[in-house]
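Readers should treat all values here as calculations from the given coordinates under stated rules, not as data from a laboratory. The structure presented is a predicted model; accordingly, all values stated were derived computationally and were not measured. Reconstructed Cβ throughout: ideal geometry from the backbone, glycine too, with neighbour counts over all protein chains shown.
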Amino acid sequence: MTKYQNQLTETFSALADPTRRAIVSRLCEGPASIGELSEPFKIALPTLLKHVQILEKSGLVSTQKTGRVRTCRIETGALKAGDDWLRQHLALWEDRLDRMEHHINTMKKEH
């Protein structure tokens, strides 16, 4: 359970930054080199590399270096774990809200 919680913390922490979310969104379209990932951003290459390293550490992205080109790929496991956690909590709150709505409607009918 602790490893799962640590993974979620790293996943959500990595996704808290808009640049990293944009990188993940781009990689959902397919693998890309660091150079390709850097094109839409107005940041220095070392800064982009730090973002990629954070995504890699969180398990959201993997990289492979071939010659001088580092290619990044999305790793779905961390995304799926985050999605599972969100869906579980969303279902819980939807159930609670449905029960509250039912209770309010019952109270309205009684008055």
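List every residue whose amide H lies under 5 Å from the amide H of VAL61, counting only residues 5 or more places away in sequence or on a different chain, with H placed 1.01 Å from N in the peptide plane.
GLU56, GLU75
Counting other Cβ atoms within 10 Å of each Cβ, which GluC sites (Glu not before Pro) in the stretch 29-96 have at most 13 and sit in a DSSP loop?
Those that pass, being in a loop and sparsely packed, are GLU29.
How many lysine pairs are close in the stretch 2-110, with Cα atoms under 20 Å apart and the two 8 or more places apart or on different chains?
Eligible lysine pairs with Cα atoms under 20 Å apart amount to 6.
Please turn the phi angles of the stretch 73-85 into ³J(HN,Hα) values with the Karplus equation 6.51 cos²θ - 1.76 cosθ + 1.60 (θ = phi - 60°), one per residue in order, whole Hz, x for glycine and proline.
9, 6, 10, 7, x, 5, 5, 5, 4, x, 5, 4, 4
What is the gain in length, in nm to one decimal, between ASP98 and ASP84 on full extension, counting 0.36 nm per residue of separation less the C-alpha to C-alpha distance?
2.9 nm
Please give the Cα centre distance for the stretch 81-111 versus the stretch 33-70, rounded to the nearest Å.
Going from one Cα centre to the other spans 41 Å.
At 7 Å along the Cα-to-beta-carbon direction for both THR66 and LYS42, put a label point, then send me their distance in nm to one decimal.
It is 3.4 nm.
Give me the number: length gained by fully extending ALA22 to ILE34, i.e. 0.36 nm times residue separation minus the C-alpha to C-alpha distance, one decimal in nm.
Value of the extension gain: 3.0 nm.
On a full-extension model of 0.36 nm per residue, what is the gain between GLU56 and GLN5, subtracting their alpha-carbon distance, rounded to one decimal in nm?
16.6 nm
Which trypsin sites (Lys or Arg not before Pro) from the stretch 46-111 combine a DSSP loop assignment with at most 10 other Cβ atoms within 10 Å?
Loop-located and lightly packed - ARG68.
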